[in-house]
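Only the coordinates and a few stated rules stand behind these numbers; no lab work does. Since we're looking at a predicted model, the values are computed, not measured. When we count neighbours, we look across all protein chains shown, and the Cβ atoms used for this are built from the backbone with ideal geometry, even at glycine.
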Amino acid sequence: MITISKVGGIALLLAAATPALAQQGDAERGGTSAVVCVACHQADGMGMNIPGGESWPRLAGMNADYLAKQLHDFKSGDRENMTMMPFANMLSDQQIADVAAYYAEMASWPELPTAYHAADPNKEGEWLAERGDWEDSTFIPACNQCHGPNGQGVGTTFPPLAGQHAGYIKNQLNAWREGTRHNDPNELMVGIAKRLSDEQVELIAEYYAELPESLAAADAQEQQEDAK
Ligand code: HEC
Ligand code: HEC
């Protein structure tokens, strides 16, 4: 089993191995480059879910180094995507750092509880996120072991999933399965994505997309019950 501390170690190693990405970005300058991005990622950086189509991911509030890495990956072809490639290609290294800083500063992701709670075995998405899948001999580790409690993301390496668009999450898992995204450090994602069933891809994408709302709803219900 991979523990959070072990994963933290991997993140540190990766950070040390990628000095080029440590380039300082200027958020204000980044706003100029972002003028062309709003068509898809929207003026508030929240993107859009397009069921069955190519969803535009939320960028607002994501880690700047993570965003910069993705733009470099589109440029190098480690992440093959015909829609994003021309927009990434048009940016210099400095512009990448700037536009990443611009989106990173935008809005914060919903703050979700980090305390451990027992996953419900009847909810397959939740179980996969919190416990993984070992029963079917597919050896899928819990997503949250890397993506943090409630999939809120950890540091520069592990992006947040809770509140990201379902269509986008699904497309990324399929991109790893199909080999068009091969940019994951130490191939941390590809093996996992390949071992997921089609049904699990659907369930986990829905689970994370709806998690901030479903946690808020559960919280409200608990408060109502306490008040009785
Ligand atoms: C025509 C629509 C469109 C435009 C314009 C566009 N993007 Fe994208 N962007 C996408 C799509 C679609 C994806 C998902 C690609 C995939 O599935 O791999 C994406 C993905 C990304 C990602 C990866 C996010 C993640 O969570 O890994 C980043 C970063 C990004 N875009 C930044 C930008 C920036 C910066 C600009 C402007 C310079 C821009 N995009 C312009 C459609 C667009
Ligand atoms: C061993 C660590 C690890 C585990 C476990 C893990 N991931 Fe990841 N995941 C990563 C890393 C690292 C990245 C970033 C790859 C990159 O740099 O592009 C990532 C990226 C992603 C992305 C892309 C997000 C974006 O913004 O583009 C999705 C979606 C994702 N993971 C889903 C999952 C799901 C679902 C599970 C559980 C079934 C899972 N991950 C388990 C390490 C992990």
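Laid out as a table, the results:
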quantity: Charge dipole of the chain about the Cα centre (unit charges at C-beta), most positive-ward option of VAL154, GLY52, SER108; calculated: VAL154
quantity: Cβ-placed point charges (K, R +1; D, E -1), dipole of the chain about Cα centre in debye, nearest 20; calculated: 680
quantity: Percentage relative contact order, the chain, counting C-alpha pairs under 8 Å, at least six apart; calculated: 21
quantity: Å³ per residue enclosed by the Cα convex hull of region 20-104; calculated: 85
quantity: Charge dipole (debye, nearest 20) of region 124-227; +1 at Cβ of Lys and Arg, -1 at Cβ of Asp and Glu; calculated: 700
quantity: Whichever lysines have a C-alpha closer than 23 Å to that of LYS123, once near sequence neighbours (fewer than 8 apart) are set aside; calculated: LYS170, LYS194
quantity: Per-residue Cβ neighbour rank within 10 angstrom, fewest leading, THR180, THR156; calculated: THR180, THR156
quantity: Angle in degrees between helix 198-227 and the longest Cα principal axis of the chain, rounded to the nearest 10; calculated: 60
quantity: Tilt relative to the chain, helix 64-76 - C-alpha long axis, 0 to 90 degrees, to 10; calculated: 60
quantity: Proxy reagent accessibility, fewest Cβ within 10 Å first, across MET82, MET90; calculated: MET82, MET90
quantity: Förster radius 45 Å - calculated FRET efficiency between LEU215 and ARG29 (Cβ-Cβ, nearest 0.05); calculated: 0.80
quantity: Within region 30-68: backbone nitrogen closer than 15 Å to the ASN174 label point (7 Å, Cα to C-beta); calculated: 49-57
quantity: Net charge over other residues, Cβ less than 10 angstrom from the Cβ of ALA27 (K, R count +1; D, E count -1); calculated: -3
quantity: Gyration tensor (alpha-carbon) shape descriptor, region 158-202, a/c threshold 1.5; calculated: oblate
quantity: Helix 93-104 axis, angle to the chain major axis (alpha carbon atoms, nearest 10°); calculated: 40
quantity: Note, ³J(HN,Hα) from phi for region 156-166, Karplus 6.51, -1.76, 1.60, rounded to Hz, x at Gly and Pro; calculated: 8, 9, 10, x, x, 10, 5, x, 6, 6, 4
quantity: Cα gyration tensor category, rounded, prolate or oblate, for region 127-192 with a/c compared to 1.5; calculated: rounded
quantity: Footprinting exposure proxy for PHE158, PHE87, PHE74 (fewest neighbouring C-beta atoms within 10 Å first); calculated: PHE87, PHE74, PHE158
quantity: Approximate spin-label separation GLU222-ILE50, in nm, with each point projected 7 Å along Cα-to-Cβ; calculated: 3.8
quantity: For TRP56, distant residues with modelled amide H under 5 Å away; calculated: MET48, ILE50
quantity: Square roots of 5 times each gyration tensor eigenvalue, C-alpha, the chain, largest first, Å; calculated: 29, 21, 18
